[in-house]
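Following: one structure in C-alpha cells, then a few remarks.
The values are calculated or read from the model by the stated rules, or taken from the named source; none is laboratory data. Because the structure is predicted, anything quoted here is derived from the model rather than measured. Using ideal geometry, Cβ is built from the backbone for each residue, glycine included, and neighbour counts are taken over all protein chains shown.
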Amino acid sequence: WQYVGFATLPNQVHRKNGEERCLGCIFLSVGESGLGKSTLINSLFLTDLYKDRKVPNAQERIDQTVNTIKHTISIEEKGIKVRLTVIDTPGFGDAVNNTESWNPIEDYIDQQFEQYFRDESGLNRSNIQDNRVHCCLYFISPLGHGLRPLDVACMKALHNKVNIVPVVAKADSLTQAEVHRKKMKIREEIEQFGINIYQFPECDSDEDEDFKKQDQILKDSTPFAVIGSNVQVESKGRKFRGRVYPWGVVEVENSAHSDFLLLRNMLVRTHMQDLKDVTGETHYENYRAQCIQNMTR
Ligand code: GDP
Ligand code: MG
C-alpha cells in the first residue's frame with residue numbers, strides 16, 4: 001500500500017503496526033544572516049521540485065528575511081504526497097550583542113511541543129495536528145575556520161530539542177580540498193564540543209549493500225556542503241538551477257559541485273520518517289518527561 005514504495009532504501013519507513021501516519025515534515029532554517037538560508041530553502045523545496053518542470057518565476061533576488069516565515073507546500077515523491085512545512089528564520093549575527101539570539105528559535109520549538117502536549121492530554125486525541133519541528137538545518141559559514149562560538153552555543157541550546165542537520169553554506173566559495181578539510185574540522189569540533197547532531201540510524205547487519213554504501217556516504221558528507229540559487233541557467237542546450245561566474249557555471253543539482261541532491265534525498269526521501277520518529281521518541285519525550293516532572297513537583 002501507499003507507504004511502501006515511498007522508500008527507495010530498505011529501512012526508510014518505520015511504521016508502527018496499524019498506525020497510519022501522515023507524511024509531513026517540518027523543517028527549520030537556522031544560522032547567521034546572509035548565509036543563503038532563504039535561497040537554499042527555496043532551491044530545496046519551494047520551486048522546481050520535479051525535474052521536468054521549469055522553475056516557475058525564478059526570482060533572482062531574495063529579500064532579506066525580516067520575520068519568521070512559514071511556507072507550506074505539497075510535493076509528490078514517487079507518487080506519494082508529502083506535505084512539507086519550511087520555517088525560514090531571519091537568522092542572527094546582525095545584532096551588536098548576539099548572546100542568546102537563538103532564544104526565539106528555542107521558544108518556537110518549545111511552543112510546538114507545548115501545543116502537542118496539551119492536545120495529547122485533551123479529549124480529541126485522535127486528531128492531533130503535529131506541528132513539532134522535525135529537523136533544523138543549521139547553516140555554518142564557509143569563511144570561518146570551522147565552527148564559531150555562536151554556532152557552538154546555538155547548536156548546544158537546540159540539540160536536545162530538535163534534530164540538527166549541519167550544512168556548510170555557499171560551498172561554491174570553497175575549493176574541493178577546502179570543503180574536505182572544513183568538513184573534517186567541523187566534524188571534529190562537533191565531537192569535541194559535545195554537540196548532538198542528528199545521527200543517521202545504525203545499519204542492521206542484514207541491510208543490503210546499497211543501503212550501507214549510501215549510509216556511509218551520508219556520514220562522510222556531514223556537514224553537507226550546499227549551494228543555493230534561484231536562477232535558471234541555460235548552458236550547452238541544458239537548463240538548470242545554477243550560479244554564473246566569470247570563469248564558469250556552478251550547477252546546484254550536480255553532485256560534483258555540492259551535496260545538494262544528497263541532502264534533499266535524505267530529507268524528503270530516505271530519512272524523513274526517521275527524523276519524525278526521533279522527534280517523537282526522543283526530543284518530545286524529553287520535553288514531556290520534564291513537563292510531568294514539573295507538574296508533580
Ligand atoms: P539568508 O539571510 O541566510 O536567508 O541569505 P539569503 O538567502 O538572503 O542570501 C544572501 C545572499 O547570498 C544573496 O545575495 C544570495 O544570492 C547569496 N547566496 C545564496 N546562496 C548562495 C550560495 O550558495 N553561494 C553563493 N556564493 N551565494 C549565495
Ligand atoms: Mg533569509
Query - Failed item, numbered, when Asp204 is tested on (1) outside any helix (DSSP H, G or I); (2) touching a residue at least 24 places away in the same chain (Cβ under 8 Å); (3) closer than 25 Å to Ser141 by Cβ - result: (3)
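Could you please find all residues in the range 75-92 being in contact with a Gly (Cβ under 9 Å, 6 or more places away or on another chain), away from ligand 2 (no atom under 16 Å from the Cβ) and assigned to a strand (DSSP E or B)?
At the first step, the residues of the range 75-92 found to be in contact with a Gly (Cβ under 9 Å, 6 or more places away or on another chain) are 78-80, 82-85, 89, 91-92.
From what's left, away from ligand 2 (no atom under 16 Å from the Cβ): 78-80, 82-85.
Selection gives Ile80, Val82, Arg83, Leu84, Thr85.
If you check Asp210, Asp215, which single one turns out to be over 30 Å from Ser101 (Cβ atoms), surrounded by fewer than 17 Cβ atoms within 10 Å (Cβ to Cβ) and out of contact with any strand residue (DSSP E or B) (no Cβ under 8 Å at 6 or more places or on another chain)?
Numbers: Asp215 fails: surrounded by fewer than 17 Cβ atoms within 10 Å (Cβ to Cβ).
On inspection, the qualifying residue turns out to be Asp210.
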Query raised in the report: Which residue pairs have Cβ atoms under 6 Å apart, sit 6 or more places apart or on different chains, and have a first residue in the range 120-139 that is under 30 Å from Asp151 (Cβ atoms) and a second that is of a type in the set (A, V, I, L, M, F, W, C) and part of a loop (DSSP other than H, G, I, E, B)?
Result: Val133/Val162; Cys136/Val162; Phe139/Leu35; Phe139/Ala169
Requested in this report: For the range 254-276, name all the residues that are touching a Lys or Arg at 6+ places or on another chain (Cβ under 9 Å) and surrounded by fewer than 20 Cβ atoms within 10 Å (Cβ to Cβ).
Outcome: Arg269
Query raised in the report: Among the candidates Val226, Val231, Val250, which residue alone is touching a Gly at 6+ places or on another chain (Cβ under 6 Å) and within 16 Å of ligand 1 (Cβ to nearest atom)?
Result: Val250
Query - Residue that is farthest from Lys70 (Cα to Cα), among those in the range 132-165 that are among the basic types (Lys, Arg) and in contact with a His (Cβ under 9 Å, 6 or more places away or on another chain) - result: Lys161
Query raised in the report: Would you pick out the residues in the range 83-100 that are modelled with pLDDT under 80 and either away from ligand 1 (no atom under 12 Å from the Cβ) or surrounded by fewer than 11 Cβ atoms within 10 Å (Cβ to Cβ) (or both)?
Result: Ala95, Val96, Asn97, Asn98, Thr99, Glu100
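Of the residues Phe117, Phe139, which is within 12 Å of ligand 2 (Cβ to nearest atom), modelled with pLDDT of 80 or more and in contact with a helix residue (DSSP H, G or I) (Cβ under 7 Å, 6 or more places away or on another chain)? Full working, then the answer.
Numbers: Phe117 fails: within 12 Å of ligand 2 (Cβ to nearest atom).
It is Phe139.
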Query raised in the report: within 16 Å of ligand 1 (Cβ to nearest atom) and not in a helix (DSSP H, G or I) - does that describe any residue in the range 175-193?
Result: yes
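Table: residues versus (1) of a type outside the set (Val, Ile, Thr); (2) closer than 20 Å to Arg264 by Cα; (3) outside any loop (DSSP other than H, G, I, E, B).
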position	(1), (2), (3)
His71	yes, yes, yes
Ile105	no, no, yes
Tyr108	yes, no, yes
Asp119	yes, no, yes
Met155	yes, no, yes
